[in-house]
């Protein structure tokens, strides 16, 4: 996205197709993981308040999966556009590194505070 924003003529239209396919692939992966975890009967029995957002009816399940895929793909695309715009700005790469590093650091601190951080070596 950064290259396409800075020189769209050089990147071409195929770059947009590639970006769209990548966004859909990551959206599909995210949706299939969430869908499989929610559809697991064992998880639904243990934590019924958390799991169960995927409907039981077949047609509604398909629609829910499609919407989960699109939401994840659009979220990933918007995050990528945000980073590309930040990199293209006058402030430059240093601020982008600080933003990405800061978000990652806050995420790891949050995981550690909740005792949900596991490190396997």
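The values are calculated or read from the model by the stated rules, or taken from the named source; none is laboratory data. The structure displayed is predicted, hence computed values, not measured ones. Neighbour counts are summed over all protein chains in view; Cβ atoms, including those assigned to glycine, are modelled from backbone coordinates with ideal geometry.
Numbers below:
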item: Residue list for the range 5-19, filter: surrounded by 12 or more Cβ atoms within 10 Å (Cβ to Cβ) and free of Cβ contacts under 8 Å to residues at least 40 places away in the same chain; result: 8, 11, 12, 15, 16, 18
item: Only one of 21, 99, 91 that is within 30 Å of residue 3 (Cα to Cα) and modelled with pLDDT of 90 or more; result: 21
item: Given (1) at pLDDT 85 or above; (2) over 30 Å from residue 90 (Cα atoms), number of the condition residue 56 does not satisfy; result: (1)
item: Residue count, the range 20-64 (criterion: part of a helix (DSSP H, G or I), closer than 22 Å to residue 76 by Cβ and in contact with a helix residue (DSSP H, G or I) (Cβ under 7 Å, 6 or more places away or on another chain)); result: 10
item: Unmet requirement for residue 115, which otherwise passes all of (1) surrounded by 11 or more Cβ atoms within 10 Å (Cβ to Cβ); (2) outside any helix (DSSP H, G or I); result: (1)
